[in-house]
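Working notes for the structure below.
Since every read-out is calculated from the coordinates, none of them should be taken as a lab result. Please read all numbers here as calculations on a predicted model, not as lab measurements. As a convention, Cβ positions derive from the backbone with ideal geometry for all residues, glycine included, and neighbour counts pool all protein chains shown.
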Amino acid sequence: MTPARRRWVCLVAALLWASGAGWLVAHHWLVRPGDYGPVPSPVEPWALRLHGGCGYAAVALLGLLWGVHIGPRWRMRRARLSGALLVSVTLVLTGSGWLLYYVADDDWRAGIAQLHWLLGLAGLPVFLAHRLTARGRARRGRAAPDL
Ligand code: HEM
Ligand code: HEM
């Protein structure tokens with residue numbers, strides 16, 4: 001991966017994760033009691049706006065990586081296990097994120113949200129494991145051109 005692409009992927013992944021985790025913290029621990037009931041923290045809507053925006057960027061980057069990284073590395077049989085796991089997690093996050101916009105039934109929405117954020121939190125170690133193991137293996141194997 002070229003250094004510029006790597007920087008964008010890491011930046012968007014970090015912002016996506018931090019905004020999702022930030023929303024969870026604000027939603028569960030930063031609510032204050034008010035005269036008319038619980039008052040949400042101002043962090044909550046801003047975290048979700050940032051998160052939704054980063055979601056678009058993540059989908060755009062997935063499209064780019066599909067052509068320049070995922071396809072070529074798959075054909076080279078490099079880091080297939082951690083790569084396939086990362087792609088699967090990203091696709092489920094993208095699908096469940098999309099559903100969160102449109103599912104109106106409260107019970108279904110709560111279930112989808114829980115799946116989404118549990119998988120999202122677990123996505124960070126999956127991403128880091130892919131970065132570390134794939135790079136190590138690539139260094140030990142034949143040199144591959146930056147894509
Ligand atoms: C959501 C999908 C994916 C993302 C976000 C992703 C991201 C990354 C990142 C950030 C690196 C580190 C690059 C570096 O430090 O130079 C990397 C390396 C690597 N990835 Fe992926 N990856 C994905 C899917 C895949 C798949 C499906 C495969 C293989 C079938 C794969 C194979 C590799 C290999 C071999 C490397 C070592 C460096 C290189 O050869 O470019 N990746 N990936
Ligand atoms: C490709 C990756 C991802 C995409 C496309 C995505 C997309 C979305 C979308 C569209 C929403 C709904 C926003 C709204 O209701 O205004 C959402 C909500 C959320 N996301 Fe993600 N997300 C991704 C990854 C993550 C990750 C890594 C986390 C980890 C912490 C996470 C945690 C959350 C949380 C906590 C919510 C709020 C759930 C709720 O409303 O109950 N997401 N996401």
Looking at the stretch 89-105, I want the residues that are at negative phi and have a partner that is among the basic types (Lys, Arg) and in a helix (DSSP H, G or I) with Cβ atoms under 9 Å, at least 6 apart or on another chain. Which pairs are those? LEU99/ARG109; LEU100/ARG109; VAL103/ARG109
For the subset of the stretch 1-44 comprising residues that are of a type outside the set (A, V, I, L, M, F, W, C) and within 9 Å of ligand 2 (Cβ to nearest atom), which member is farthest from the chain's Cα centre (by Cα)? HIS27
Condition first: among the hydroxyl-bearing types (Ser, Thr, Tyr) and either more than 16 Å from ligand 1 (Cβ to nearest atom) or not in a helix (DSSP H, G or I) (or both). Now tell me which residues in the stretch 68-116 satisfy that. TYR101, TYR102
